Amino acid sequence: MSSRYHSNTLHNRSSLLPAGSTPPASGRSSPFPPAGQRFADDLESQNDEALEGLNAKVRLLKDLTIGIRDEVKDSAIQLSQMNDAFAETGGILSGTFRRMNNMAARQGCRWLWYIVFLIVVFWFFVVVWWFRR
């Protein structure tokens, strides 16, 4: 009996539709485009948006790396100039120390007492300044 009922409902699907209507030729009753096509269009638009976002990020990274490269070049130039300036200053200081040592050798030990006296006076002024703050 159940097999007869089941086979009867399978053959009588037209009773499920409203009177006077016929199902579409494709067997689908939806007025919307096929879900597969809509899904593919959605995925493609999402991919395009993601691609635009990635292109923007790549442009930003490219600009950032170009800025870093320019900064490194400028820093290298400045370091080279500073190296030259320090080398020149080192030459000047070595000549000054050489002349000071020559003068100290001619004068004897008296210049040492002057330097000790100046250090003591400087230390005194620093201590007074520190406690007056």
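The values are calculated or read from the model by the stated rules, or taken from the named source; none is laboratory data. Note that the structure is a prediction, hence the values are computed from the model and not measured. Because the Cβ atoms are built from the backbone with ideal geometry, glycine has one as well, and the counts that use them run over all protein chains shown. Ligands, DNA and RNA are excluded from the accessible area calculation, which covers all protein heavy atoms including side chains. Shrake-Rupley method; radii C 1.70, N 1.55, O 1.52, S 1.80 Å.
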| task | Using a Förster distance of 35 angstrom, determine the FRET efficiency expected from the C-beta separation of T96 and R69, and round it to 0.05. | result | 0.30
| task | Tell me the label-point distance for the pair W113, A87, using the 7 Å Cα-to-Cβ offset, in nm and rounded to one decimal. | result | 4.5
| field | Furthest towards positive pole of dipole, A87, M103, G53, structure part region 47-133, Cβ charges | value | M103
| note | Magnitude of the Cβ-charge dipole (Lys and Arg +1, Asp and Glu -1) of region 80-133 about the Cα centre, nearest 20 debye, reported as 340
| In whole percent, how big is the carbon plus sulfur part of the accessible area of region 65-133, probe 1.4 Å, protein atoms only? | 69
| task | Give me the accessible area per residue for region 59-120, probe 1.4 Å, as a whole number in Å². | result | 92
| How far apart, in nm, are two points set 7 Å out from the Cα along the Cα-to-Cβ line at D41 and at V121? | 9.4
